[in-house]
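To start, the structure under review is shown below, and the notes come after it.
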Amino acid sequence: MASQRVRDIRERHKSGVIEIRVLRKWISKGKKEELCYQFIDTYGDCIEATADFKNIEHFDSVIQLFSCYRVTGHICTGPRTYMATVEHPASLVIGQKATFERITNDAIPTVYFNFATHDTIKGRIKQTKLLTDYIGRVEKNYLQSTTKGMQLRKTLLQDEMKRKVEITLWPDIRHLIGDKVIPGDILAITSAMVTEHNGHLQLESTYLTTTFRNSDMPETMEHVHRLKALPAMQPAEIIDQTVTLLDLKLASQQKIQTARKFTCQARVTKIHDNRGWYYVLCSKCSKKLYPEQDNDEVIFVCEDDNDIVPNFRYCVNATITDATGSADTVFFNESMEAMLNITCKDMVTNHAQSANSKDVPQLLESIVNIPKILHLTLKNDGQIVVNNVTDIAGSSQIQSPGKEGMTSTFSPTTPLPKSNASKRQLLETAGPEKKQKHE
């Protein structure tokens, strides 16, 4: 029996024989758990297939990723309605009666892209039923801190008409676009959700998102060559605008639709201790941890998870000053580590005088009055956030002292109610006796 083309499959059609390669496998995180696959045929057409999650052991024994099969006994039904990776009017249901006969067919592609144009993705805003593939030239690539201290990866792409789309990768997969991605690179992203942020198109990562930088695969070469042939990017397109604090304050008074990035040469003139200088998150759920006092030890407790590790993060509210004026800003974790050359955990463990985050350590005060180049984000609500800090050429750097011989014991505070000990995590304190006790 001749095999059927994937593109010709329709809902309620009697199933025939299809010859496919298994490209992807995942567990759907929609209303119910489903085992999902992406199949591609010799012509490069794709279709999704789903199976009952309870049969995962069976299908793991008969289906291997990237292998080719002659498939029969499937059911043709309507398309998946939540976060579909393929634009197709049908999908397949596979059960125990479906057969997968292993075959060899090198003509079946090993990748699948269906790149959307800028005009196409406009119509997909907030449509969770269809994920999007996109390719463009990188204009900017940077990390951005949220008000909750999370670090997002932001990458701005432009097409051949210089229309822009922003890519946002959430913390758990921001490594997919690293710092090595630079302006001028060609970046392809798959299975992203189209959203709108401050009036601008945005492709937001999902748990299915993958990325490809300067791909040389045959399926992408036409797009890569076309984008590489565009005129060279101008410096103004690559480098963030350098401003004074007066410029920044004037800009913050204007109504803007999206966050803007600047650089500014300034110095910290005051650290505000009223909101604390650090916070602690759970290593599993990223929720705030709560301190408990246990004799002379501080224990951090999560409301949900057990066996956690405290994740200490800087969050320093400060006033910065240059020759034109002053402004209040927030330094998040990466910018503080860049200035201090010491992690927040080490600062708390070795230099804090108490568990109270409003007691600013002397070492942290050492950043005051040292000129730096600040890489800033002006948010649409007027808030100024420092994303990174670099040294001015020829200026002195802050040296973090060694840890030998340093001790810091938190003074006991009013004990907090106890909870399940397995939800606790001790805060290490300096000094050989404490370290030996908890190792």
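On full extension, the segment bounded by Lys358 and Asp294 gains 21.0 nm, given 0.36 nm per residue less the C-alpha separation. So what is the relative contact order of the stretch 41-186, in percent, for Cα pairs below 8 Å that sit 6 or more residues apart? Reported as a whole number, the value is 20 percent. For the stretch 96-217, just say rounded, prolate or oblate: build the C-alpha gyration tensor, square-root its eigenvalues into a ≥ b ≥ c, call rounded for a/c under 1.5, and beyond that prolate if a/b exceeds b/c, oblate if not. Judged from the Cα gyration tensor, the stretch 96-217 comes out prolate (a/c at least 1.5, a/b above b/c). Taking 7 Å steps out from each Cα toward its Cβ at Thr210 and Glu365 produces label points 5.4 nm apart. Here is the size of the stretch 107-176 from its Cα atoms: Rg then Dmax, 14.3, 50 Å.
The number of Lys pairs in the stretch 49-183 with C-alpha atoms less than 16 Å apart, excluding pairs fewer than 8 positions apart on the same chain, is 9. Extending 7 Å from Cα along the Cβ direction at Met221 and again at Lys162 yields two label points whose distance is 3.0 nm. Descending by average beta-carbon neighbour count within 10 Å, the peptides 35-43, 10-18, 274-282 line up as 35-43, 274-282, 10-18, the highest first. Given +1 at the Cβ of Lys and Arg, -1 at the Cβ of Asp and Glu and no other charges, the dipole of the stretch 153-232 around its Cα centre is 240 debye to the nearest 20. The trypsin sites (Lys or Arg not before Pro) of the stretch 45-117 that DSSP puts in a loop, and whose beta carbon has at most 11 other beta carbons within 10 Å, are Lys97. Students often get this wrong: which residues of the stretch 310-328 have the backbone nitrogen under 20 Å from the point 7 angstrom along Cα-to-C-beta of Ile392? So the set is 318-328. Measuring nothing but how far apart in sequence close Cα pairs (under 8 Å, 6+ apart) lie, relative to its length, the stretch 4-126 scores a relative contact order of 29 percent. Here the spin labels are modelled as points 7 Å beyond Cα on the Cα-Cβ line, and at Cys285 and Lys180 they lie 3.7 nm apart. Our estimate of slack between Arg5 and Ala251, defined as 0.36 nm per intervening residue step minus the Cα-Cα distance, is 82.9 nm. A Cβ-based charge dipole, computed about the Cα centre of the stretch 46-126 with Lys and Arg at +1 and Asp and Glu at -1, lands at about 240 debye.
Readers should treat all values here as calculations from the given coordinates under stated rules, not as data from a laboratory. Please read all numbers here as calculations on a predicted model, not as lab measurements. Methodologically, a virtual Cβ is constructed for each residue, glycine included, from the backbone with ideal geometry; neighbour enumeration extends over all protein chains shown.
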